Amino acid sequence: MLAIGEFSRLTHLSVRTLRRYHDAGLLEPATVDPASGYRYYSADQIPTAQVIHRLRELDVPLPDVARIVRSPDPGDRAELVAGHLRRLEDQLAATREAVASLRRLLHPDPPPLQVRLRAVPATPVAAVAGVVDLDGVLAWYAGAMAELDAVVAEPEGPPGGLYDNALFETGRGHVLVYRRTAGPTAGGRVHPVTLPAVELAVTTHAGPHDDIDVTYGELGAWVVANGLAVAGPVRESYPVGPRDTDDPAAWRTEIGWPVFPMAAR
């Protein structure tokens, strides 16, 4: 069982949103502690939570959302979704990105996620850090990377970032973006930091970032299924991103969950 905070991190849905889905009868926790009232979820509920979120982003009415997630027939679900998507596509072309993400979540045979465990040693970096609202992360990241580019003359490897759990749980949290460098580098907001050694469960998200939360959910399910627990802020690195090419299909984002065996917990 996953506590609501853990489930929030794995799905990129805030605790407040999960409680709202519960109150609406759309996503009930796997169990609720009768003494404390704490909600607990299973890893199997991750795709359902994200499907509901995508449907609500597409303004699917609540009764239709309930019919879709409760229908045992994939064909019926697909037809219900397709009918609403056809209406949306007639009204607004900008919904196409959300449509693609929803189709990925509903795919009956998703390709297996390629996950590897990686031991990362302590790493000296030049970094910019701050407390950021989730809605403003992209703009903040662009400004921080511009400062790093101006200060770090010869970076080693791709840029990366550490994202605090609170960013996903409450919509505001600590963010640190960095470039690896051989020596100490400072200037403006840029300062030297040594990232601690960590064991990561790593996978690669291919393509644009609109549905990166789906990959987060799949990686989270893999972590739980393999008897691991998430420990510490998630790490991302960007081997290929918008700074490298204008073609979103070519973008590659590495996602690394810091993990340790569940028994140690």
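Below is a table of values for the structure above.
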| quantity | calculated |
| --- | --- |
| Residue within region 178-189 that is part of a strand (DSSP E or B), out of contact with any helix residue (DSSP H, G or I) (no Cβ under 9 Å at 6 or more places or on another chain) and closer than 15 Å to Pro258 by Cβ present | no |
| Members of region 204-240 that are closer than 19 Å to Leu2 by Cβ and under 13 Å from the mean Cα position of the chain (by Cα) | Asp213, Val214, Thr215, Tyr216, Gly217, Glu218, Leu219, Gly220, Ala221, Pro233, Val234 |
| Output for region 197-211, where each listed residue is over 12 Å from Val234 (Cβ atoms) and of a type in the set (A, V, I, L, M) | Ala197, Ala206 |
| Enumeration of residues in region 129-140 that are surrounded by fewer than 19 Cβ atoms within 10 Å (Cβ to Cβ) and touching a residue at least 12 places away in the same chain (Cβ under 8 Å) | Ala129, Gly130, Val131, Asp133, Leu134, Asp135, Val137, Trp140 |
| Exclusive hit being modelled with pLDDT under 80, in contact with a helix residue (DSSP H, G or I) (Cβ under 7 Å, 6 or more places away or on another chain), in a helix (DSSP H, G or I) and among the aliphatic types (A, V, I, L, M), set Val99, Val65 | Val99 |
| Check on Ala197, loosely packed, with under 15 Cβ neighbours inside 10 Å and not β-branched (Val, Ile, Thr) | yes |
| Single residue of region 25-37 satisfying the filter (touching a residue at least 12 places away in the same chain (Cβ under 8 Å) and exposed (fewer than 14 other Cβ atoms within 10 Å of the Cβ)) that is nearest to Trp222 (Cα to Cα) | Thr31 |
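Residue by residue, here is whether (1) in a strand (DSSP E or B); (2) charged (D, E, K, R); (3) over 24 Å from Glu57 (Cβ atoms) holds:
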position	(1), (2), (3)
His191	yes, no, yes
Val214	no, no, no
Thr245	no, no, yes
Phe260	yes, no, yes
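The values are calculated or read from the model by the stated rules, or taken from the named source; none is laboratory data. As the structure is a computational prediction, the values presented were derived from the model and not from experiment. A quick note on method: Cβ atoms are made from the backbone with ideal geometry, for glycine too, and the neighbour counts reach across all protein chains shown.
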